[in-house]
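**Student:** Here it is: the structure, laid out below.
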């Protein structure tokens, strides 16, 4: 992975998401680790490239995965609200790109 390259971090986030989504044999600890690494990678991708709406969508999906595994209802709700906010931001970004702003 190349530091400073948003696409590399986005690809890492995709890999983490795919692993968690597809591998039903992960332990709870492995699941949490992949989700956390994916969230961090997606956030870094967006920091490096603020036009990368995919990174926001990935982070949103990974936060929903984290929420699904969260036993604390208050924490789960907080994660889902954060995921909703990121999803909304990605939609706004996409609309701006479409309209050329």
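The values are calculated or read from the model by the stated rules, or taken from the named source; none is laboratory data. Computed from a prediction, not measured in an experiment: that's the story for all the values here. Cβ: placed from backbone, ideal geometry, glycine included. Neighbour counts: every protein chain shown.
**Student:** Which pairs do you get when a residue that is within 16 Å of residue 62 (Cβ to Cβ), found in segment 18-31, comes within reach of a residue that is assigned to a loop (DSSP other than H, G, I, E, B), reach meaning Cβ atoms under 9 angstrom, with the pair 6+ apart or on two chains?
**Tutor:** Once the first residue is within 16 Å of residue 62 (Cβ to Cβ) and sits in segment 18-31, its partners that are assigned to a loop (DSSP other than H, G, I, E, B) give 19/26; 20/26; 30/23; 31/23.
**Student:** Does residue 82 satisfy the criteria of being surrounded by fewer than 21 Cβ atoms within 10 Å (Cβ to Cβ), modelled with pLDDT under 95 and in a helix (DSSP H, G or I)? Quick ask: steps written out before the conclusion?
**Tutor:** Working: surrounded by fewer than 21 Cβ atoms within 10 Å (Cβ to Cβ): yes; modelled with pLDDT under 95: no; in a helix (DSSP H, G or I): yes.
For residue 82, the condition - surrounded by fewer than 21 Cβ atoms within 10 Å (Cβ to Cβ), modelled with pLDDT under 95 and in a helix (DSSP H, G or I) - is not met.
**Student:** Any residue that is surrounded by fewer than 15 Cβ atoms within 10 Å (Cβ to Cβ), touching a helix residue (DSSP H, G or I) at 6+ places or on another chain (Cβ under 9 Å) and on the phi > 0 side of the Ramachandran plot - is there at least one of those in segment 4-15?
**Tutor:** Yes; the residues of segment 4-15 include at least one that is surrounded by fewer than 15 Cβ atoms within 10 Å (Cβ to Cβ), touching a helix residue (DSSP H, G or I) at 6+ places or on another chain (Cβ under 9 Å) and on the phi > 0 side of the Ramachandran plot.
**Student:** Here's a follow-up. Going by the conditions given, is residue 52 under 19 Å from residue 93 (Cα atoms) and surrounded by 18 or more Cβ atoms within 10 Å (Cβ to Cβ)?
**Tutor:** Criteria met by residue 52.
**Student:** Output the number of the condition that residue 94 fails; it satisfies all remaining conditions of (1) assigned to a helix (DSSP H, G or I); (2) free of Cβ contacts under 8 Å to residues at least 24 places away in the same chain; (3) surrounded by fewer than 18 Cβ atoms within 10 Å (Cβ to Cβ).
**Tutor:** (2)
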